[in-house]
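Written out below as structure tokens is the structure these notes cover.
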Amino acid sequence: AQSVTQPDIHITVSEGASLELRCNYSYGATPYLFWYVQSPGQGLQLLLKYFSGDTLVQGIKGFEAEFKRSQSSFNLRKPSVHWSDAAEYFCAVGARFGNEKLTFGTGTRLTIIP
Amino acid sequence: DVKVTQSSRYLVKRTGEKVFLECVQDMDHENMFWYRQDPGLGLRLIYFSYDVKMKEKGDIPEGYSVSREKKERFSLILESASTNQTSMYLCASMNYRDRVKGEQYFGPGTRLTVT
């Protein structure tokens, strides 16, 4: 069965600083990988996704993520955070064949300080 | 834009009550999902449906049931609400033809409190 680990429960960064949120997955083959963001009081919104090809994927709002097979990781990055990036971020893994279900990590809450 | 709506943003119910949470999507998606979200546990799948009248248990189906009589509507039912079902409930939908893309569209959530 697939699983996802987000080791950081809460991260605080200064506005303008760079950001990296960690995600490790467990799956028997190359999975589909996703990052979702949940702003306060909102549902989840897809930031970016990896299926195949280029291991560095670009998403919305200036985010990117890199798939590293050797490390079973899919870390999310942003070079310069904005106060509006304060939210909760979820990494998710999906099976490659015939399984519509996603398995989500426990989330990382991001706080931005001025 | 895909829109997924949930009938209530906040709901307070008493222990033992039967509770209905409604979800409607407007994009003719085949797949629909119910999750609960709890601090430190992330999102956990309760049930999903891949067609009208079709359903499949997720990871935590105990204490819940679902109904999908129409394609656009997916209901989550708590037959006899208990305090441990106090949570945020999120509905999502996905186009089956795009299932390899895996993108699910989420509603805003219903925060249910059972007292």
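The values are calculated or read from the model by the stated rules, or taken from the named source; none is laboratory data. Remember, it's a predicted structure, so these values are computed and weren't measured experimentally. Note that we place each Cβ from the backbone using ideal geometry, even for glycine, and neighbour counts take in every protein chain shown. Surface accessibility is based on the protein's heavy atoms, side chains included, excluding ligands, DNA and RNA. Shrake-Rupley method; radii C 1.70, N 1.55, O 1.52, S 1.80 Å.
Summary table
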{"read-out": "Cα convex hull of chain B - mean projected area over all directions, nm²", "value": "6.8 nm²"}
{"read-out": "Antiparallel DSSP beta bridges within the protein assembly as shown, as percent of all bridges there, nearest 5", "value": "90 percent"}
{"read-out": "Total charge dipole magnitude, chain B, about the Cα centre, Cβ charges on Lys, Arg, Asp, Glu only, Debye to nearest 20", "value": "200 debye"}
{"read-out": "Å² of accessible area per residue within chain A, as computed with a 1.4 Å probe and no ligands counted", "value": "46 Å²"}
{"read-out": "Under 5 Å, built H, 5+ apart or other chain: amide partners of A:SER72", "value": "none"}
{"read-out": "GNM flexibility winner over chain B from B:LEU90, B:LEU76, B:LEU43 (Cα, springs under 10 Å)", "value": "B:LEU43"}
{"read-out": "Residue-wise HN-Hα coupling along segment A:10-17, computed from phi with Karplus coefficients 6.51, -1.76, 1.60 (Hz; x: Gly, Pro)", "value": "9, 10, 10, 9, 7, 4, x, 7"}
{"read-out": "Rg over Rh, two decimals, the protein assembly as shown (C-alpha only, Kirkwood Rh)", "value": "0.97"}
{"read-out": "Segment B:1-46: chymotrypsin sites (Phe, Trp or Tyr not before Pro) in DSSP loop, at most 16 other beta carbons within 10 Å", "value": "none"}
{"read-out": "Residue-normalised accessible area of chain B, expressed per residue, 1.4 Å probe, Å²", "value": "49 Å²"}
{"read-out": "Accessible area buried, both sides summed, chains A and B with 1.4 Å probe, Å²", "value": "1700 Å²"}
{"read-out": "Anisotropy class of segment A:34-100 from Cα gyration tensor, a/c 1.5 cut", "value": "oblate"}
{"read-out": "Portion, in percent, of the accessible area of chain A that falls on carbon or sulfur, probe 1.4 Å", "value": "50 percent"}
{"read-out": "Heavy-atom accessible surface of chain B: percent carbon and sulfur, 1.4 Å", "value": "48 percent"}
{"read-out": "Selected from A:ALA86, A:ALA17, A:ALA95 as most flexible by GNM, with chain A as the system and alpha-carbon contacts under 10 Å", "value": "A:ALA17"}
{"read-out": "Within segment B:1-59, GluC sites (Glu not before Pro) in DSSP loop having at most 15 other beta-carbon neighbours inside 10 Å", "value": "B:GLU17"}
{"read-out": "Under 13 Å, Cβ to Cβ, from A:HIS82 - net charge with Lys/Arg +1 and Asp/Glu -1", "value": "0"}
{"read-out": "Label-to-label distance, nm, for residues given as A:ALA29 and A:GLU64 (7 Å Cα→Cβ offset)", "value": "2.9 nm"}
{"read-out": "1.4 Å probe, heavy atoms, protein only - residues of segment B:27-48 losing at least 40 Å² accessible area vs chain alone", "value": "B:GLN37, B:LEU43"}
{"read-out": "Cα-based Rg / Dmax (Å) for chain A", "value": "13.5, 45"}
